[in-house]
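> Here's a structure for you.
No lab work stands behind these numbers, since they all come straight from the coordinates. This structure is a prediction, so every number in the text was calculated from the model and none was measured. Cβ sites come from the backbone with ideal geometry, for glycine too, and all protein chains shown count toward neighbours.
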């Protein structure tokens, strides 16, 4: 029995999260514990998923938009983040977060803010990696844990994966209709990285579904997801724009 768990947002939270979260290749390679696996190339035409669950799991996301606000008190963790042309969304990942009820981040497991994995973009704004301060790839870490059976099968999202999506012919395919904010994926359609609010959801769904389908763990994971920086910038702009004041009666 494969032991896996996914991380997605509760549908009622998606509408909120989409506002603060939303290729040349990432040469980061997984450990060679599965040398038979072939290279996995993830592009903007690839596949991904998000689904409802009463549990989250393993990943939390700092609200980077709050760090760009010109007014109000910023979270303490903003001192850990620097906006640049090559950085985007940030994530924390830990196996002890298996049963978290919300993806909203406050601090790292054990305290502080030194555990972040941050999206990395190339000069064209394509997502080419998600790495921590030491250059360790989040994708490699998740893949290792999935194929080493470190995820729990009890998480609600695992049942959703089995029911709603499947990994087939190298793609993630919807078996049931899946609704996203402003988008619906019909049965039989390919799910793509741009369909969900955060690319991290894609990685988790894809790796979980691959493992469930009996696929080999990739020996190398390469990202080629275009326009990610543009989407990140728009998210920041939308969430830091001054809201029009309502006229008083």
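> Just for segment 69-85: of the residues that are under 21 Å from the mean Cα position of the chain (by Cα) and surrounded by fewer than 16 Cβ atoms within 10 Å (Cβ to Cβ), which one is nearest to residue 125 (Cα to Cα)?
Going through the qualifying residues, I end up with 85.
> Tell me which residues, restricted to segment 102-120, are part of a loop (DSSP other than H, G, I, E, B), over 23 Å from residue 223 (Cβ atoms) and within 16 Å of the chain's Cα centre (by Cα).
Once the filter is applied, which keeps residues that are part of a loop (DSSP other than H, G, I, E, B), over 23 Å from residue 223 (Cβ atoms) and within 16 Å of the chain's Cα centre (by Cα), segment 102-120 yields only 102.
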